[in-house]
């Protein structure tokens, strides 16, 4: 009989697991159980700019037919209530379902909720359909509040501002992207938003959503902000309750503990995506709740191994990039704040360049900051900011540079493309690395 791999969850990690399992063993019996009503949507891309999404059905990643065509059975609207690792079953709708291998890719659920979260007009970013709902509401919205200045929150604020909606951003920390950006880069982003008319409420906590039936205001530590739309881009927590009840080890960060093959503490059980804690390449605390691309890659490794293959998932350096008002920001691995917190001594190289020859229309500023280990000059992190061109690509490249141990010296002598329409003569990464080497020599 074919080996039966059961996957809990149909998001990016679940899709990756199904792909990995069928690739490792095309004869495998692969079954997916997902709480989604009838399909899987690309929720990570949804908030980037609703004004540019003509049809939310285009965000569809997979429906029942797509799964069937891939030889995968899928049960939508499925609530998994228990896992029995001894009997090798999961419980769905009160009935047991057997497995040979199990992949837990249940994603994340609501974390701590704010009073009034059930009011009409309060939307939580948790999937294509929910965002499609509030996208329709935006057209009649006068004032909106976005809670949390993380990556998704930044994209939503940008979308609302582009629509001409009076937009307020509430963030408990003292800057946007507090875990990713250093203050100097954050200030540039914040200044750009102020120019767009966005109202920033930093060092401000949300106490309640206020209204009768429908939201009319957000009560904060600063006072009330009038709003007829609230978008909550935070308070997501790994959905590990069923796994924990089954005796599967959950780490201090709230995610399922896995090894480099996404294997859990239970025999024949793997985990991936928002539910799993993965290793940080810098040796810091394990991470969870990373990007959709990370979730898919984790899922693919888990599915491959669950089906009898061999695929490692290496420690992450977390390349990231997001639209933030008129700017695009990005980076990888450590920033100055996180390096200092980890006790890492570093040297810094910075540069401000351009995306193409300055005489070409559409030229944008590109700001680069590189951090390297003192002594070895091995790259440990980077931050980037610009008008859009090349930020994501540079973040991807620099993440690989960190992973492979390139130094500032290596980067300072790097070859680069010069083509006036698409690339400037002086690559900003090279200039930043050269400046970093000079700073190191100065001591």
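Computed from the coordinates by the stated procedures, all read-outs in this text should not be read as laboratory data. None of these values were measured; they are calculated from a predicted model. Cβ sites come from the backbone with ideal geometry, for glycine too, and all protein chains shown count toward neighbours.
General observations
- FRET efficiency for the pair residue 360 and residue 396, taken as 1/(1 + (r/R0)^6) with r the Cβ-Cβ distance and R0 = 22 Å, rounds to 0.40.
- Under conditions of 37 °C and 0.692 mPa s, region 320-442 yields 229 µm² s⁻¹ as its translational diffusion coefficient, taking Rh as the Kirkwood radius over Cα pairs in the Stokes-Einstein equation.
- Under the criterion of Cα pairs below 8 Å and six or more residues apart, the relative contact order for region 176-319 equals 13 percent.
- The label-point distance for residue 70 and residue 442, in a model that sets each label 7 Å from Cα toward Cβ, rounds to 5.2 nm.
- Equivalent ellipsoid semi-axes - Cα gyration tensor, region 122-232, angstrom: 22, 16, 13
- R0 of 45 Å, Cβ-Cβ distance residue 162-residue 86: FRET efficiency to nearest 0.05: 0.25
- For the chain, the relative contact order works out to 15 percent when only alpha carbon pairs closer than 8 Å and six or more residues apart are counted.
- Spin-label zone in region 339-373 - amide nitrogen under 15 Å from a point set 7 Å from the Cα of residue 195 along the C-beta vector: 362-367
- With both labels modelled 7 Å from their Cα along Cα-to-Cβ, the residue 118 to residue 212 distance reads 1.8 nm.
- Hypothetical label at residue 425: residues of region 338-361 whose amide nitrogen lies under 19 Å (7 Å Cα-Cβ projection): 351-361
- Equivalent ellipsoid dimensions for region 323-382 as semi-axes, Å, which come from the Cα gyration tensor, largest first: 28, 14, 7
- Peptide packing: for 401-410, 326-335, 165-174, the average count of neighbouring Cβ atoms within 10 Å per residue gives the ranking 326-335, 165-174, 401-410, highest mean first.
- Considering only Cα atoms, the convex hull volume of region 245-367 works out to 154 Å³ per residue.
- Within the chain, antiparallel bridges make up roughly 60 percent of the DSSP beta bridges whose residues both belong there.
- Take every pair of alpha-carbon atoms less than 8 Å apart whose residues are at least six positions apart; their mean separation over the length of region 320-442 yields a relative contact order of 31 percent.
- In Å, descending, principal axis extents of the Cα set of the chain: 66, 55, 41
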